[in-house]
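Please read the structure below before turning to the comments.
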Amino acid sequence: MRVLGVKYKSLYNLLLVLIIVLTINGISSIYFVRFDLSADKIHSLSNETKKTLTNLDEIITADVYLVGEYPAEIEKLKKSLFEKLDEFKAYGGDNFKINYINLDEDPELAKEFKNQVFKDGVDFTDIIISRDSKQEVIRIWSGIILRMGDQFSPVQLLQKGKFPISQLIINQFNDQLEYNIILGLNNLIKPSSKKIKFLRGHGELDNADAWIIRDQLIKYYDVDTVRIKQLKAKFYNESIDLSNYQYDSLIAYKVDSLIIAKRSIPLFDNVGNPNKNSKRFIKKSLQNKIIYKYMKDPSKISEDLDVLDETDLLIIAKPRLTFSEKELFIIDQYIMRGGKIIWLVDMLDVDESVLKDTNITYAKPVNHELQQFLFKYGARFNMNMVNDARCSPLIREDGLGRIPNWYFFPILYMDEPSKYLKNVGPIKARYICSIDTVGENNIKKTPLLKTSSEFKVLRQTSVNYQNLYNYNPKNFENDAEPPVCAWLYEGIFNSNYQNRSVSKDFKKFISNPIVKYKETSISTKMVFIGDGDIIRNDFLKINDQIKPVLLSFESADYGNPEFFPRYGNSMFFQNLVDELLDKSELIPLRSKMNMPRLLKKDVYSEKQFWQLINIIIPIIIITLIGFLNQYFRKKKYVN
């Protein structure tokens, strides 16, 4: 009877467990629950994303192409993508559907399907996997296409190009899934009409120099260039027609590539179609040549007061030539009417190409004459360069290798980072100057970037590869506060022309009612950065082609195991753009990253001790548990 009672009790316990499991399973199928134990809740969808998904009015379909059997490294990417889409589905319900499409399932139609996906805006990525001293290249289509009726929005989840897989790449892919997908979704259901213009006409960075950051911004904003001093409409339209004719001629004659600014730009893609990624850039470059020629004729030039009226954000990146008084006035009045500007300004220029043939070059002042103009808004750009012991490497122009610590390329951050730097990698700068705040106290001024405590301020100095001792801040005592090199200003600004002495003709011009001169602005924002190269991408020759390097990578490390994402320039700049264009809700999404927890310097010497603890303690615990288990079993059965 006792045995029978034990038997019934065991069956009862089993039945109870089954009921509990089935009940939990049934509840979980109705209510989506996920526990995120991370400190920053980086694995959970944000409240804003959940709200967007639960309020979907139309059916959204996600076409997924990362389907099939892959090596373990790529399987991690696939699993993360599928799990994130399942989470989107849980909140989107019947209005969010997922199609899993294997592009290689039908070999006869694979090429046609891939061409169509490429035309729709999703590009492939070549992943390099190393095993047993051998390399294997796996091509994947990691992007997805979101569809709503006849409309669609491509989402490139992994940067196009060719690079080795690493845990950092996997982490970056995982961290940015929600951000990339929700942006693609927003582009579909509520497309942005904000316009960003890169200023031209003063030697600023061209489209090739800012290729990567433009490629990021153009996905979500209307991005273009603007000239304040520009051609009259008749001649501008003529330049468009001529550039289109020149481009069509190049395509018709099957010209493989075009040399633009000493770079080879391909006209065709890998499958022989006109390269849509470079088409716009090539046409614009051809047009710029025609415009440059026309601009020498004063009769063809105009400086319209309303040229910036349809610009939500103006980016002035690395100007090197002077502005006319009327150009400065138009920029000033753009600010007075609430216009927003990001100033990326160099005060000293170093021509590194000189070091290819000589031992020394000199830092020379840049002839843009903006220092006094920006001073009136409360930002003093100092005529200096800031060196830092925390710095980036450099490839020597003379072809003699690599300098691991080029002190002129400081790596910047903040001890207490703002939301623009939260979970963002350090920022690489090149020949950056310090910026002081002056003037009005009613403007909110937020420091964005500064050096480490081991810095050195240089003024007009020589630059060479040999005498690095004099550039190393560690060799000099410095008790000063680390300088700030970037600021965000928010508030009401006074006009540059308020109480300012100007010529009679210009005063008459300002007094004209048609001009509608304003002395104070409405509330607006500006960013001041003492480096024009923060958003400039390098170029590398890869497989006989010149390709831009992602801003997160260090070009000097190409070909080494250290060639992996290390900088946050792109993410930092996009955060600033979102802040200025009143899309600050996107910043915490982009900043969701599983950052590695680094050891502090003062405990780094204890590294070996903690490694031993991690190895020995688990062994001791397991051995102790084994002994205790044996002891209690022996005691139980002996009794």
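The values are calculated or read from the model by the stated rules, or taken from the named source; none is laboratory data. No experiment lies behind these values; they were computed from the predicted model shown. Please note: Cβ atoms are built from the backbone with ideal geometry, for glycine as well, and neighbour counts cover all protein chains shown. We work out accessible area using only protein heavy atoms, side chains counted, and drop any ligands, DNA or RNA first. Shrake-Rupley method; radii C 1.70, N 1.55, O 1.52, S 1.80 Å.
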Next item on the list: Enter the angle in degrees (range 0 to 90, nearest 10) between the Cα long axis of helix 2-30 and the first principal axis of the Cα atoms of the chain, meaning the one along which they spread out most.
Entry: 20
Next item on the list: Pick out, in residue order, every one of the GluC sites (Glu not before Pro) in the range 470-538 that is DSSP loop and has at most 15 other C-beta atoms within 10 Å; say none if there are none.
Entry: 477, 519
Next item on the list: Taking H placed 1.01 Å from N in the peptide plane, check which residues at least 5 places from residue 449 or on another chain put their amide H under 5 Å from its amide H.
Entry: 485, 486
Next item on the list: Output the Kirkwood hydrodynamic radius of the range 471-582, Cα pairs only, in Å rounded to one decimal.
Entry: 19.2
Check: Ignoring the sites themselves, what is the longest stretch of the chain with no chymotrypsin sites (Phe, Trp or Tyr not before Pro) in a DSSP loop and at most 15 other beta-carbon atoms within 10 Å?
Finding: 254-475
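Where the accessible area of the chain is counted over protein heavy atoms with a 1.4 Å probe, how much of it, in %, is carbon and sulfur? Write out the running numbers ahead of the final one.
Numbers: 18500 of 34770 Å².
About 53 percent, which is the carbon plus sulfur part of the accessible surface.
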Item checked: Exposure of residue 155 as accessible area (Å², to 10), given a probe of 1.4 Å and all protein chains -> 10
Next item on the list: For 21, 515, write out the residues from largest to smallest accessible area, computed with a 1.4 angstrom probe and no ligands counted.
Entry: 21, 515
Checklist line | Tensor-based shape of the range 147-203 (alpha-carbon gyration tensor, a/c under 1.5 rounded, otherwise prolate or oblate) | finding: oblate
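Enumerate by residue number the trypsin sites (Lys or Arg not before Pro) in the range 483-514 meeting two conditions: DSSP loop (anything except H, G, I, E, B), and at most 12 other Cβ atoms within 10 Å of the site's Cβ. Kindly include the intermediate steps, with their values, before the conclusion.
Numbers: sites: 500, 504, 507, 508; in loops: 500.
Answer in residue order: 500.
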Next item on the list: Return one whole number: the accessible area per residue of the chain in Å², for a 1.4 Å probe.
Entry: 54
Notebook entry, point to check: So between residue 375 and residue 502, what do we pick up on full extension, going 0.36 nm a residue minus the alpha carbon distance?
Noted result: 44.0 nm
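Any chance you could run the full-extension gain for residue 11 through residue 416? It's 0.36 nm times the residue separation minus the Cα-Cα distance, nm to one decimal.
Values: separation 405, 0.36 × 405 = 145.80 nm, distance 5.96 nm.
Stretched out fully, the residue 11 to residue 416 stretch lengthens by 139.8 nm.
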Note to self: Please compute, for the alpha-carbon atoms of the range 41-97, the extent along each of the three principal axes and give them in descending order in Å.
What the structure shows: 38, 27, 11
Item checked: P(r) histogram, all alpha-carbon pairs of the range 393-506 included - 5 Å bins from 0, percent -> 2, 8, 16, 17, 15, 12, 11, 7, 6, 4, 2, 0
Next item on the list: Enumerate the amide H contacts of residue 268 below 5 Å, restricted to partners 5 or more residues apart or on another chain; note that Pro and chain-start residues carry no placed amide H.
Entry: 275
Item checked: Rg followed by Dmax, in Å, when the range 146-258 is reduced to its Cα trace -> 18.6, 54
Checklist line | Shape parameters for the range 349-388, alpha-carbon atoms, Rg then Dmax in Å | finding: 13.8, 42
Note to self: At 7 Å along Cα-to-Cβ for each site, give me the label-to-label distance between residue 21 and residue 623 in nm.
What the structure shows: 3.7
Check: When the Karplus curve 6.51 cos²θ - 1.76 cosθ + 1.60 is applied with θ = phi - 60°, which whole-Hz ³J(HN,Hα) does each residue of the range 281-294 get, with x for Gly and Pro?
Finding: 5, 5, 4, 5, 5, 5, 5, 4, 4, 5, 4, 4, 5, 5
Check: By how many degrees, between 0 and 90 and to the nearest 10, does the Cα long axis of helix 107-119 differ from the longest principal axis of the chain?
Finding: 40
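Would you mind giving the average projected area, over all directions, of the Cα convex hull of the range 265-340 in nm² with one decimal?
Mean shadow area of the hull around the Cα atoms is 7.3 nm².
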Next item on the list: Mind jotting down the distance between the C-alpha centroids of the range 146-206 and the range 470-546, whole Å?
Entry: 27
Notebook entry, point to check: What is the helix-to-structure angle for 72-92, meaning the angle in degrees between its Cα long axis and the longest Cα principal axis of the chain, kept from 0 to 90 and rounded to the nearest 10?
Noted result: 90
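How would you classify the range 233-367 from its alpha-carbon gyration tensor, with a ≥ b ≥ c the square roots of the eigenvalues: rounded for a/c under 1.5, else prolate if a/b is greater than b/c, otherwise oblate? Walk me through the intermediate numbers first.
Values: a/c = 1.96, a/b = 1.19, b/c = 1.64.
Taking the square roots of the gyration eigenvalues as a ≥ b ≥ c, the range 233-367 is oblate.
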Check: Taking the Cα-to-Cβ direction at residue 357 and at residue 490 and moving 7 Å from each Cα, how far apart do the two end points lie in nm?
Finding: 5.1
Notebook entry, point to check: Under a plain spin-label model, where a point goes 7 Å from the Cα along Cα-to-Cβ, how far apart in nm are residue 397 and residue 445?
Noted result: 3.5
Notebook entry, point to check: For a paramagnetic label modelled at 7 Å from the Cα of residue 242 toward its Cβ, which residues of the range 271-291 fall within the zone defined by backbone nitrogen distances under 18 Å?
Noted result: 282-291
Next item on the list: Could you give log10 I(q)/I(0) at q = 0.12, 0.18, 0.22, 0.25 Å⁻¹ for the range 38-136, computed by the Debye formula over C-alpha point scatterers of equal weight, without solvent?
Entry: -0.56, -1.05, -1.22, -1.30
Checklist line | Whole-percent pair-distance distribution, where bins are 5 Å wide, for the alpha carbons of the range 315-411 | finding: 3, 10, 16, 20, 16, 12, 9, 8, 4, 1, 0
Check: Which semi-axis lengths, in whole Å and largest first, follow from the square roots of five times the eigenvalues of the Cα gyration tensor of the chain?
Finding: 50, 32, 27
